[in-house]
Amino acid sequence: MHGSFIHIFFEMNAYKFISAIYISLLALVLLFVFILGMVIYKKSIERKRKMWRDPIATIISQVIFFTEEESETFDIDFGNKKLLQNDLFRQCLIEEVIHARKNLTGTATTNLKKLYEILNLDKDSFKKVNSKRWHIKVKGLQELSVMEQVKYVKPIFRLTNNKNELVRAEAQSALISFYGFPGLRFLNITTYPISQWHQIQLLNNLNGPKPDNLDSIKKWLRSPNESVINFSLKLATFYNCYNVYESVINCLQHPGIQVRLGALDYLKKMPREDTPEKIIEIYPSGNKKIKLLILDILKEAGTEKQLLFLLKQLHNADNDIKASAAKTLSCLHPLGTAFLQTHLFADENPWKAIFLQIETERAA
Amino acid sequence: MTILVAEDEMIMLKTIELRLKKDGHEVISCQDGREAILKIGEFSPDLIITDIMMPFSSGLEIIETVRKKGGKKIPIIVLSAMGQENVVLEAFQLGADDYITKPFSPNELSMRVKRYNPSSVIL
């Protein structure tokens, strides 16, 4: 009885074991077929792209040299017109037009834009913008931006506050490439943070002449979005906006450290008579970075009125603050470094090292 | 003039080729540096226009090879992308004569080429 049980048990397990092997093998074969299919599909796409690259380049290079009269009719021979209905061909065409657009200037770019519009390639790009997948959206936005498709500004504007960081960054960049400074109106509505990196990118893209009206910066400096204030401070510094001084002073009281640092950067570049006392007010509540920046600003903006404050900082426990205060004192005191040598124990550390540093910097 | 153009991007190559042909030049096109070096030896062009970043041999290697070879001094114009100042300087050190930064206007290229054409008169 016991022996037949063991026999049945082993027979069942052997059956299960063989079934498992069969299933695994089948899964492996299916996986292999899938991978093979994908490779063949990708290769065929690559082959088609290679095949089309040459005729597309020929067409585009012809279009680039169209005269004004030729560009009125835009008579282009595509050979097989059915190709223009092929999505992959159209995508290749878009990529090549955009590539050429990025590498060329002058009338060539106008002709390329015309070609893009006449073949309704802008609609293909806009279809991408409406995709649910973020990376396709971003691609569509880049295409519309490079090809200056201002007519899509409304849907692009809506995307400037998209939940996906890359989508909204691309939409924001597109608006600036269309309009320059007025394109920054998305700062009125954006609720998501603008990263430091993207702020620099946006500033780089603002390469036109200084706009006549910069009043919006004042409004953005009061934004509930901290990154908008931060970016507005960069804008105010970038454009040398003197008329936002009071708003910048208010930013010194902001709880965000980046905002206070941004305000100090502005004040370093555009100080006024009352700047030293305003920045000294926030000195006690600032972190080390803020304190060092304030001491640095005082070097240029300070007067003898701040000497007492600076003398107190020489007793700070932090050597960096000591050194910075000493440097500023040597700039503001009528006796210069000589004052420090009479006032302090010049032969003791850290003063010995600090003096040496100040002397070396002065000599340089 | 016989001009050798080395540029790996097909559209740029065709555009430059078409512009130069319209100006009446004979153009030898190459899509990589190695091909360019071979064709320079074969055709001995009057002018070389080369991109910097190319497969197999870069534009800098082309300049170096041409200048090392000696013989007739072939003028070389370098095509560089924005922000490649260091590479342009290196190209000049190796013996390049001129450079154009992308993006550029094909008409501007045409004018620059004219400077190296002995039969054209620049006022």
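In table form, for the structure just shown:
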item: Looking only at region B:38-58, and only at residues there that are out of contact with any Lys or Arg (no Cβ under 6 Å at 6 or more places or on another chain) and in a loop (DSSP other than H, G, I, E, B), the one that is farthest from B:V113 (Cα to Cα); result: B:P55
item: Out of A:I118, A:I94, sole residue that is within 14 Å of another protein chain (Cβ to nearest Cβ) and closer than 30 Å to B:K14 by Cα; result: A:I94
item: Single residue of A:L175, A:L184, A:L221, A:L166 found to be touching a Cys at 6+ places or on another chain (Cβ under 8 Å) and over 30 Å from A:L308 (Cα atoms); result: A:L221
item: Candidate set from region B:1-14 (those that are hydrophobic (A, V, I, L, M, F, W, C) and in contact (Cβ under 8 Å) with a residue 24 or more places away in the chain); member that is nearest to the other protein chains (Cβ to nearest Cβ); result: B:M12
item: Filter pass, B:E108 being in contact with a Gly (Cβ under 8 Å, 6 or more places away or on another chain), within 14 Å of another protein chain (Cβ to nearest Cβ) and either among the acidic types (D, E) or part of a helix (DSSP H, G or I) (or both); result: yes
item: Odd one out for A:K154 among (1) within 29 Å of A:N213 (Cβ to Cβ); (2) within 14 Å of chain B (Cβ to nearest Cβ); result: (2)
item: Considering residues of region A:252-267 that are in a helix (DSSP H, G or I) and small (G, A, S) only, the residue nearest to the chain's Cα centre (by Cα); result: A:G262
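Quick grid of which residues meet (1) more than 14 Å from chain A (Cβ to nearest Cβ); (2) surrounded by fewer than 19 Cβ atoms within 10 Å (Cβ to Cβ):
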{"site": "B:I16", "(1), (2)": "no, no"}
{"site": "B:G33", "(1), (2)": "yes, no"}
{"site": "B:D46", "(1), (2)": "yes, yes"}
{"site": "B:E61", "(1), (2)": "yes, yes"}
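Residue-by-condition table, conditions (1) within 14 Å of another protein chain (Cβ to nearest Cβ); (2) at pLDDT 90 or above; (3) surrounded by fewer than 18 Cβ atoms within 10 Å (Cβ to Cβ):
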| position | (1), (2), (3) |
| --- | --- |
| B:V78 | no, yes, no |
| B:M82 | yes, no, yes |
| B:E85 | no, no, yes |
| B:L94 | no, yes, no |
| B:P103 | yes, no, yes |
| B:I122 | no, no, yes |
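The values are calculated or read from the model by the stated rules, or taken from the named source; none is laboratory data. None of the values given here were measured: they were computed from a predicted structure. Every residue, glycine among them, receives a Cβ derived from its backbone with ideal geometry; neighbour counts consider all protein chains shown.
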